[in-house]
Structures are given as C-alpha cells and as structure tokens.
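Below is one structure; the comments refer to it alone.
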Amino acid sequence: MFIPNHLHLLVKGYIKTPPKTEKVLNIWFTQLVQNVGMKVVAGPTSVYVNEPGNEGITGTVTLATSHASIHVWDNENPPMFQFDIYSCSNFTPKQVLDHIDDWFGLQEAHWQFIDRNGSEFLVIDSGHYKKSLNGKIKDIFKKKKF
C-alpha cells in the first residue's frame, strides 16, 4: 500500500543554457520524473511565452503523486527560472538540482524543501547552490535546519 509523504521543493535560480523549445522542456520533464521515481499521468505540456518582459518557456507535468512546474525567463542575463515539484513520493533536492544542472548548466539557485505532512508546513531544509568561475560547485547544500 502506498503511504504518501507530502514534500514540496521550491527553487529560484539562474542557468547558462535555457531551454528554448517545448520539445526540449518536455523531454527534460519526462527524464526528471524518471530520475526521481515518479509517474506521469498527464503532460508534460510546455509553451513559449512571447509577452514583452515575460519572454520564456513555461511547462508543467501532472504526476500520479502531484505536479512539477517551471518558468524560464530566457531574456534575463543570466537566464532565470522558478521551479517547484510537489509529490507524495520521496525525493531529494540534490536529485532535482543535479538534473537541472545536467541539462541547463545551473549557475546559482536558492531552494527550500518543505514537509507538508502535518497541519502546518515545515521547512525541513534549504540551501544555496553556486558554481565558481572555474565551474566547481561551492556552497552546495549548505543546510539550514529549522
């Protein structure tokens, strides 16, 4: 029997090579879901938004255990993204951040990992991910326990 574990990861960050097409983002979502051991029930669905000041790609995927979504502002310098994944399955921030880095060259990110099991939300972990000029990661998963 499946026992849900309500976890929510929120990430704001900057990437080197933002996705520009729906096809690329949909493949990225599909592989992310596989990497964290979840199951797609609808989507992924992505669309490029051409609204001045809000240019970039937006995508969502519905999971058997909830959802994931991202918006990338590719005209920013460096390109910025906002991402979240909520799931009743177990996963780690490192799994997700590594996947973002592998595909889009994660340069910097701030994240919070929230336990939504109780009557009040609890930030169980948060951190700052940053690459130095030589491409090495510094300050990855500098944990703040609450």
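Divide the volume of the convex hull around the Cα atoms of the chain by the residue count and you get 114 Å³ per residue.
Ranked by the mean number of other Cβ atoms within 10 Å of their residues, highest first, the peptides 33-43, 114-124 fall in the order 33-43, 114-124.
So, counting K/R as plus one and D/E as minus one, what does the shell of residues with Cβ under 14 Å around Gly53 add up to? Once all neighbours under 14 Å are counted, the net charge is -4.
Since every read-out is calculated from the coordinates, none of them should be taken as a lab result. No experiment lies behind these values; they were computed from the predicted model shown. Virtual Cβ from ideal backbone geometry, glycine too; neighbours counted across all protein chains shown.
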